[in-house]
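This report refers to the structure that appears directly beneath it.
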Amino acid sequence: MSGGKGKGKGGRGKGGKSTTSSAKAGLQFPVGRIGRYLKQGKYATRMGAGAPVYLAAVLEYLCAEILELAGNAARDNKKSRIVPRHLTLAIKNDEELNKLLGGVTIASGGVLPNIHAVLLPKKTAAKSS
């Protein structure tokens, strides 16, 4: 009775684990949760199946890019832990990320070390004395 053309589950096995949409897309970010937030946010009356997958992929890429640069900044400062200062240095030193996150303030991130050229001591005065 179990085989053939019944209304049973066919050849799918016995109660296998369900595969998440994140796993199907090969992502770490939660595709289902992002899809739920897109629906609840009323951004549009209808939403395609690929929209949360695409948004999750974009967010994951941005996060990986920032974390890689912040990790490099932490290593340059001989630290093994990323702190907000490293995030600020990573974003401000990268041209595209600085353009994207230019108006963002990171708490306890500080500023880029910068001394205006006018404030530096004169080169000619240093040589003569």
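The values are calculated or read from the model by the stated rules, or taken from the named source; none is laboratory data. Fair warning: this is a prediction, and the values are worked out from it, not measured in the lab. Positions of Cβ are backbone-derived with ideal geometry, glycine not excepted, and every protein chain shown enters the neighbour counts. In case anyone asks, the SASA skips ligands and DNA or RNA and just uses the protein heavy atoms, side chains included. Shrake-Rupley method; radii C 1.70, N 1.55, O 1.52, S 1.80 Å.
With a Förster radius of 22 Å applied to the C-beta separation of GLU65 and ALA23, the computed FRET efficiency comes to 0.50. For the chain, the ratio of Cα radius of gyration to the globular rule of thumb 2.2 N^0.38 Å stands at 1.85. What's the carbon and sulfur percent of the chain's accessible surface, probe 1.4 angstrom, rounded to a whole number? Ligands and nucleic acids excluded, carbon and sulfur give 57 percent. With a point put 7 Å past each Cα toward its Cβ, work out how far VAL58 is from ARG75 in nm, to one decimal. It works out to 3.0 nm between the two label points.
Ordering of 49-60, 108-119, 77-88 by packing is 49-60, 77-88, 108-119, highest average first (other Cβ atoms within 10 Å, averaged per residue).
Relative contact order for the chain: 14 percent, from Cα pairs under 8 Å spaced at least 6 residues apart, divided by residue count. Probing with 1.4 Å while keeping every protein chain in the model, the per residue accessible area of the chain equals 86 Å².
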